[in-house]
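Let me begin by presenting the structure, written as structure tokens, before commenting on it.
The values are calculated or read from the model by the stated rules, or taken from the named source; none is laboratory data. What you are looking at is a predicted structure, and each value in this text was computed from that prediction instead of being measured. Methodologically, a virtual Cβ is constructed for each residue, glycine included, from the backbone with ideal geometry; neighbour enumeration extends over all protein chains shown. Just the protein is used for accessible areas: all its heavy atoms, side chains included, with ligands, DNA and RNA removed. Shrake-Rupley method; radii C 1.70, N 1.55, O 1.52, S 1.80 Å.
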Amino acid sequence: SEQNLRLALDAAQMGTFDWDIPRSHIRWSRWHEQMWGFRRGEFAGTFEAFSSRVHPEDLPLVKARIEACTATRELYQMEFRLVWPDGSLHWIQARGEFTYDAEGKASRMRGVVVETTAQKQVMEALRDSEERHRLLADNASDVIWIMNLEGKLTYISPSVENLRGYTPAEAIAQPVEQTLAPDCAARGAVLFRSALAELAAERPFPESRSEVEHLCKDGSTVWTEVTT
């Protein structure tokens, strides 16, 4: 059982810890040491050594969370940053549970840690990309829009107000019959159903380009070229 557990932990590159609180001693697995930027056997087994690599801004939060969990007997769970001696930043997800002595004091904490740096980097890259695209969309002269597969707009750029006289909030709330001239709305519905059929058949959503007559707030209409 112990060999199977070790194999699973190694495969997941997950560290384990066992903190004997009254004796102020912490035992780490080799993966735990590696995540903290220690060489194998270098970790001194103290809370101070653990704290030395936690980001200064996160350390008070980590300590406060530990105190709160011991008081409420909750499962400890937290994500925080580490700073290695080379200055590199690493994200860690930690989970642990406490055991208590006869007097109700926390006597031991055991748990696991896993590095989440890669996931954080991916999410940050996605967030940056989304922010850049949103900046472009919000400031483009063309009207840029996003529609869900139920046919409802979920985003429309501010330039719609220059084109049709409606604010983005007003335009998003409009049904298609208030957006397009009747014949264009009918053609659009056919194209949309055809596109959904392609998706249902696990084929790519077909791109299209067409001229469309839009209804404006002042009662006029405007013709546009729409690429979907």
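Annotations
- Some residue of the stretch 11-26 being outside any strand (DSSP E or B) and crowded, with 16+ Cβ neighbours inside 10 Å: yes
- Taking residues in the stretch 191-212 that are surrounded by 10 or more Cβ atoms within 10 Å (Cβ to Cβ), and partners anywhere that are among the aromatic types (Phe, Trp, Tyr), the pairs with Cβ atoms closer than 7 Å and at least 6 places apart or on different chains are Ala195/Phe205; Glu198/Phe205; Leu199/Phe205.
- Residue within the stretch 104-113 that is open to solvent by 30 Å² or more (accessible area, probe 1.4 Å), within 23 Å of the chain's Cα centre (by Cα) and either within 23 Å of Glu2 (Cβ to Cβ) or at pLDDT below 95 (or both) present: yes
- Filtered residue count, the stretch 119-138, keeping only those that are open to solvent by 60 Å² or more (accessible area, probe 1.4 Å) and over 20 Å from Val226 (Cβ atoms): 13
- Taking the listed residues Arg30, Arg23, the one that is under 22 Å from Ala106 (Cβ atoms), at pLDDT below 95 and not hydrophobic (A, V, I, L, M, F, W, C) is Arg23, with no other qualifying.
- Of the listed requirements (1) of a type outside the set (Val, Ile, Thr); (2) touching a strand residue (DSSP E or B) at 6+ places or on another chain (Cβ under 7 Å); (3) in a loop (DSSP other than H, G, I, E, B), Arg110 misses just one: (3).
- Of everything in the stretch 83-103 that is assigned to a strand (DSSP E or B) and touching a Ser or Thr at 6+ places or on another chain (Cβ under 8 Å), the residue that is most open to solvent (accessible area, probe 1.4 Å) is Leu89.
- Selection status of Phe80, more than 26 Å from Gly104 (Cβ to Cβ), assigned to a loop (DSSP other than H, G, I, E, B) and either hydrophobic (A, V, I, L, M, F, W, C) or touching a Ser or Thr at 6+ places or on another chain (Cβ under 6 Å) (or both): no
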